[in-house]
């Protein structure tokens, strides 16, 4: 596994570089928006990747609730964390694209607001996991993740069923996209998906090591002879 | 064009920042493991 990871990392870096070249050079310039439309090739794949990660988080949370599996809990944590990173990219690139095209950075439109709510739900999930010391934290987090996942289809379909400031879907839903643009979009999505998978793998490995270390320290504290604690504890004697 | 570059730079800044936090956590854990092993040897 240790040898496979660097090879996959190099391949992913090459794929990301190729995807960047396709987005900036090969993709045709959009007629109305011009070059700024190329933000699409980072904005949309990041959103799709975040949705997939939140979906995996949802499945892992359900598995945890049913089986109390430690692995499922770790997968849920990792996918939520990496999903928040990708969702942050969506929330940052969106306004940068909106400013030259709509003339505003942000509007409380349904799609934008629901995406912000989604981000806030998963940030609160991570805060709960980070700062709660209760033994019930994974259980509470799994329940929160299931509620959070309900927001994903709302975000995705909000532009299908409601008229919003955010553009209507260009893929499916009656919209259309130049086949060359679609090709570049899919390459970028593949590149970002591979990148997300690698980051999740690293984060999962880190979490495994962290938990092993915590368990070892807890075990050591339990097995430590009582007398050895007096090295750090003060000794109080009656006068 | 500046908006386009700003968006691409912001994307990679976010990813690099996250990878930086992962690296920092790895280093902290490695140090903890090393400290635990040396303490165990004593």
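The values are calculated or read from the model by the stated rules, or taken from the named source; none is laboratory data. Everything numeric here is computed off the predicted structure, so don't read it as measured data. Cβ placement follows ideal geometry from the backbone for every residue including glycine, while neighbour counts extend to all protein chains displayed.
Can you find a residue in the range A:211-222 that is out of contact with any helix residue (DSSP H, G or I) (no Cβ under 6 Å at 6 or more places or on another chain), at pLDDT below 85 and not in a helix (DSSP H, G or I)?
no
Looking at the range B:12-26, is at least one residue more than 7 Å from chain A (Cβ to nearest Cβ) and more than 12 Å from the chain's Cα centre (by Cα)?
The answer is yes; a qualifying residue exists.
Being surrounded by 11 or more Cβ atoms within 10 Å (Cβ to Cβ) and over 12 Å from the mean Cα position of the chain (by Cα) is the filter; apply it to the range B:27-42 and report the residue that is farthest from the other protein chains (Cβ to nearest Cβ).
Result: B:30.
Per-residue answers, yes or no, for (1) free of Cβ contacts under 8 Å to residues at least 12 places away in the same chain; (2) within 12 Å of another protein chain (Cβ to nearest Cβ); (3) within 12 Å of the chain's Cα centre (by Cα):
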| position | (1), (2), (3) |
| --- | --- |
| A:48 | no, no, yes |
| A:52 | no, no, yes |
| A:70 | no, no, no |
| A:82 | no, yes, yes |
| A:93 | no, yes, no |
| A:100 | no, yes, no |
| A:105 | yes, yes, no |
| A:108 | yes, no, no |
| A:116 | no, no, no |
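In the range B:9-42, which residues are in a helix (DSSP H, G or I) and farther than 30 Å from residue A:50 by Cα?
B:31, B:32, B:33, B:34, B:35, B:36, B:37, B:38, B:39, B:40, B:41
Does residue A:147 satisfy the criteria of being more than 14 Å from every other protein chain (Cβ to nearest Cβ), under 30 Å from residue B:25 (Cα atoms) and more than 14 Å from the chain's Cα centre (by Cα)?
yes
Among the residues in the range A:145-155, are any within 30 Å of residue A:33 (Cβ to Cβ) and loosely packed, with under 14 Cβ neighbours inside 10 Å?
Yes - at least one qualifying residue is present in the range A:145-155.
Answer yes if at least one residue in the range A:184-193 is modelled with pLDDT under 85 and part of a helix (DSSP H, G or I), and no otherwise.
no
Conditions (1) part of a helix (DSSP H, G or I); (2) touching a strand residue (DSSP E or B) at 6+ places or on another chain (Cβ under 6 Å); (3) at pLDDT below 85, marked per residue:
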position	(1), (2), (3)
A:121	yes, no, no
A:130	yes, no, no
A:134	no, no, yes
A:155	yes, no, yes
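For the condition at pLDDT 95 or above, surrounded by fewer than 20 Cβ atoms within 10 Å (Cβ to Cβ), touching a helix residue (DSSP H, G or I) at 6+ places or on another chain (Cβ under 6 Å) and more than 15 Å from residue B:3 (Cα to Cα), what is the one hit in A:10, A:59, A:84, A:63?
Answer to the selection: A:63.
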